[in-house]
Amino acid sequence: MLKSFFILCSGADKNLLEGCSEGEQTKYVGIGATVFFTAIMAFLASAYALFTVFDSIYPAIAFGIVWALLIFNLDRFIVSTIRKRDHFTSELLQASPRFLLAIIIAVVISKPLEIKIFEKEINTVLLKEKNQMELANKNQISTYFKSDLEKNKAEIDSLKSEITKKEKEVNALYETYIAEAEGTKGTMKLGKGPVFKEKIAKHNLASAELDTIRKTNLAKIAEKENKSKLLQADLEKKVTETKPIIDGFDGLMARINALSKLPFLPSFFIMLLFLAVETSPIIAKLLSPKGEYDFKLEDLETALKTTLSQDKYQRELLVKTSAAMHDKVYADIAEDQKLYDLQRKNATNLLELQSNNFLEKQKKTL
């Protein structure tokens, strides 16, 4: 049963191959097995590739089956349409388009499997790229909020600076009136004289202004600090919102790009392996000599071609003979006097009718 299945996969004529030797049948069983297992690899490759896209096993399996059937049909067609010729050059020319198609199929099949084989290395490359993207994203978002945060911080610093400046002024006035009271500066008189009272009045006024400024500015500072917290929260929210997008950067295209950044030779040799598997049935047919199956198939094809040529020749000969017979029949009829007189009479009547009709038209015109 397995042998019959692989023969079916090879695209060979089962009935014709049954009359061939065991060795000839084994050759086509091997070709069919190669076609079948290539389809299996195509299923695995496409299913994995689609799984990385949809993150769901069911559509991946469904598409993998369709893709495997397509590759199976193409491979079977490629192998079954190669015919053994008398010259290797003509066989090679016949197989060249099929070689090109086989190369394309091999590349398409090998790429997803390469991604799976080098999955750990690709994940490392993707992790580095995600980290770089995350840093770049944070910098970009920070730059977006930077102007507002810096402006807010500058305003807070300005309000604090105004309070500090007023505090220094009040402290200086305090020291002045204390020194005046101690007699160490100013009038150099000990006690609370008129100058002392003037200086303490200035201090009290400045102190009241300080209280007003402190109260106003602290309220503004609290408002500005709340605004800074909101801006910082928005920044962190934006970073959090964009993080899943960066974390999801592991699709099929991202993995293909990551694969291209790995050393070339391992990936190249895997592709060569699939190319060898895909083209092996074609190469086997080209290199193997004409076998019993090829001779029987050629015999059937030439017999059919001969039959068709004979049928075509007989149809052409029948047409020529029939035409010659009709020419002779009509030539004999043309010599018959009775038919000639009848034809002459009918022609005369027709001419009379045409002449009368023309005359009536001329009268109407006049």
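Overview of values
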| quantity | calculated |
| --- | --- |
| Residue match in the stretch 63-81 (condition: in contact with a Lys or Arg (Cβ under 7 Å, 6 or more places away or on another chain) and either within 15 Å of PRO289 (Cα to Cα) or assigned to a loop (DSSP other than H, G, I, E, B) (or both)) | no |
| Residues of the stretch 129-139 that turn out to be surrounded by 12 or more Cβ atoms within 10 Å (Cβ to Cβ) and out of contact with any helix residue (DSSP H, G or I) (no Cβ under 8 Å at 6 or more places or on another chain), as a count | 0 |
| Extreme residue, farthest from ARG255 (Cα to Cα), among residues of the stretch 51-69 that are of a type outside the set (Val, Ile, Thr) and touching a Ser or Thr at 6+ places or on another chain (Cβ under 9 Å) | ALA68 |
| Per-region count, the stretch 208-244, residues in contact (Cβ under 8 Å) with a residue 40 or more places away in the chain and among the small types (Gly, Ala, Ser) | 1 |
| Matching option when the condition is under 30 Å from ARG83 (Cβ atoms) and not in a loop (DSSP other than H, G, I, E, B), among SER207, SER280, SER228 | SER280 |
| Single unsatisfied condition, ALA45 versus (1) part of a helix (DSSP H, G or I); (2) at pLDDT 80 or above | (2) |
| Every residue from the stretch 74-97 that is within 25 Å of the chain's Cα centre (by Cα) and touching a residue at least 60 places away in the same chain (Cβ under 8 Å) | ASP75 |
| Matching option when the condition is surrounded by 18 or more Cβ atoms within 10 Å (Cβ to Cβ) and within 32 Å of the chain's Cα centre (by Cα), among CYS20, CYS9 | CYS9 |
| Tally of residues being in contact (Cβ under 8 Å) with a residue 12 or more places away in the chain and of a type in the set (Lys, Arg) across the stretch 13-49 | 1 |
| Failed criterion for LEU259 (all others in (1) over 30 Å from ASN137 (Cα atoms); (2) at pLDDT 75 or above hold) | (1) |
| Flag if LEU273 is surrounded by 10 or more Cβ atoms within 10 Å (Cβ to Cβ), closer than 30 Å to SER21 by Cα and modelled with pLDDT under 85 | no |
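The values are calculated or read from the model by the stated rules, or taken from the named source; none is laboratory data. All values derive from a computational prediction rather than experimental measurement. A quick note on method: Cβ atoms are made from the backbone with ideal geometry, for glycine too, and the neighbour counts reach across all protein chains shown.
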